[in-house]
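Colleague: Have a look at the structure that comes next, please.
Throughout, read-outs are computed from the coordinates displayed, never taken from laboratory work. This is a predicted model, so every value here is computed, not measured. Backbone-built Cβ (ideal geometry, glycine too); neighbour counts: all protein chains shown.
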Amino acid sequence: MPDDILTDSKDVSLSQDDIAAGQRLRTAYENLKKQLARVIVGQHEVIEELLIALFCRGHCILEGVPGLAKTLMISSLAKCLSLEFSRIQFTPDLMPSDITGTQVIEENITTGAREFRFLPGPLFANIILADEINRTPPKTQAALLEAMQERTVTVGRVRHKLQDPFFVLATQNPIEQEGTYPLPEAQQDRFMFKVFVKYPSFKDEFEIAQRTTSLQQEEITPVLSGEEILELQRVVRKVPVTPQVINYTLVLVRQTRVGEPGTPKFIRDWLSWGAGTRAVQNLIIGAKARALLYGRTQVGTEDIKALAHPVLRHRLLTNFTATSEGITADKVISRLVEETPTHESDLHKDERLRKIFAS
């Protein structure tokens with residue numbers, strides 16, 4: 001067992017049925033990766049984080065410059081799943097009713113009476129691709145926020161429940177800021193992960209050039225149904241987490257909160273705001289899924305560390321000092337992970353970190 005997996009004396013083993021279900025999740029993960037590899041070259045870390053969010057019932061936002069196949073990646077994932085897919089192109093003139101749906105007056109042919117009928121919008125699907133989400137006004141973003149958090153849509157006085165499973169996978173362009181509406185912190189917090197899509201390696205870009213300039217076309221075969229996804233999401237929730245791993249996660253996140261006990265100096269120097277409780281929840285549930293994907297039946301601190309960047313980067317607000325020094329949220333997270341001990345005994349030995357446990 002690796003040194004940084006924290007263990008506990010309590011029984012943290014899964015039942016045989018749960019272990020078998022976990023193996024099914026790992027098999028589904030490998031099958032999904034194979035299908036996506038037919039059209040997506042490389043981007044293995046991005047695909048892994050997308051699929052972890054899928055198995056955790058979480059939403060994702062993908063950020064990258066144009067031309068890196070963000071939209072293709074999401075639409076291809078939808079084809080791998082036997083689910084209803086809807087693509088919404090966000091624009092400055094998009095209104096809430098354009099995505100939620102609207103009520104229309106219809107005449108009953110039999111009685112001649114006029115009555116209201118609700119026409120569902122594109123949000124009434126299982127997988128929503130919110131393309132260029134930061135190009136739509138706050139009023140429309142608020143309508144999407146309700147769907148993401150409550151999984152309902154309110155039209156008039158009536159609340160309409162969205163079907164499960166339900167995922168919002170959004171894309172965002174970091175370099176075109178003119179005519180955009182930055183997402184409010186509350187809405188960013190509803191995304192489980194913020195995933196950076198980076199330029200491909202030379203080898204991957206060579207293969208992309210070969211594939212996309214020829215007649216070769218790959219077909220994607222669905223490998224999971226909605227019912228199977230819901231079952232795998234339940235399996236993830238059953239994965240046990242030791243108190244020590246929870247302690248490590250709490251210490252990691254609580255150190256980002258400026259003005260709270262135990263906050264390191266570099267956090268006070270570089271951050272205006274830190275992560276909330278939802279970051280802790282997303283780290284733990286994401287780590288559960290990652291442990292199963294790597295063939296383990298309990299969570300280790302390496303799972304928490306592996307997901308720290310996608311979970312925390314959109315929940316930390318850097319200040320002017322950090323910006324002037326070229327310090328990004330990712331650099332803050334990297335230093336935080338590096339300087340936080342993984343062993344329970346080391347956490348309690350540190351005088352500064354003991355203040356966190358006492359707070």
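Colleague: Using +1 on the beta carbon of Lys and Arg, -1 on that of Asp and Glu, and nothing else charged, what's the dipole of the chain about the Cα centre, debye to 20?
Modeller: Numbers: 43 positive and 46 negative charges, 118 e Å.
About 560 debye.
Colleague: Of the listed values (1) 134; (2) 158; (3) 186, identify the label whose number matches volume of the Cα convex hull per residue in Å³ calculated from this model.
Modeller: (3)
Colleague: Report the relative contact order of the chain, percent, no decimals, based on alpha-carbon pairs under 8 angstrom and at least 6 residues apart.
Modeller: Details: 578 pairs, mean separation 83.3, N = 359.
Relative contact order of the chain: 23 percent.
Colleague: Would you please give the residues with an amide H less than 5 Å from that of SER82, counting only those at least 5 places away or on a separate chain, with H modeled from the backbone geometry?
Modeller: VAL223, LEU224, SER225, GLY226
Colleague: Find how many whole Å separate the alpha carbon centroid of the range 200-235 from the alpha carbon centroid of the range 71-124.
Modeller: So the two Cα centres are separated by 27 Å.
Colleague: Using +1 at the C-beta of Lys and Arg and -1 at the C-beta of Asp and Glu, which of VAL153, PRO137, LEU94 has the Cα lying farthest in the positive direction of the dipole of the range 79-186?
Modeller: Projecting each Cα onto the dipole axis, the largest value belongs to VAL153.
Colleague: Which FRET efficiency value, to the nearest 0.05, do you get for ASP350 and ARG151 by plugging their Cβ-Cβ distance into 1/(1 + (r/R0)^6) with R0 = 41 Å?
Modeller: Approximately 0.50, to the nearest 0.05.
Colleague: May I ask you to list the trypsin sites (Lys or Arg not before Pro) in the range 61-152 that are in a DSSP loop and have at most 15 other Cβ atoms within 10 Å of their Cβ?
Modeller: Those that pass, being in a loop and sparsely packed, are ARG151.
Colleague: Could you go through the range 347-359 in sequence order and give the Karplus-derived ³J(HN,Hα) for each residue, using 6.51 cos²θ - 1.76 cosθ + 1.60 with θ = phi - 60°, rounded to whole Hz, and x for Gly and Pro?
Modeller: In residue order, the calculated couplings are 4, 7, 6, 6, 4, 5, 6, 4, 5, 5, 5, 8, 7 Hz.
Colleague: Could you run the Karplus curve 6.51 cos²θ - 1.76 cosθ + 1.60 with θ = phi - 60° over the range 239-252 and give me ³J(HN,Hα) per residue in whole Hz, x for Gly and Pro?
Modeller: 5, x, 10, 6, x, 5, 5, 5, 4, 4, 5, 5, 4, 4
Colleague: Can you give the relative contact order of the range 14-128 as a percent, counting alpha carbon pairs under 8 Å and 6+ residues apart?
Modeller: On the way: 85 pairs, mean separation 24.0, N = 115.
With pairs under 8 Å counted, the relative contact order is 21 percent.
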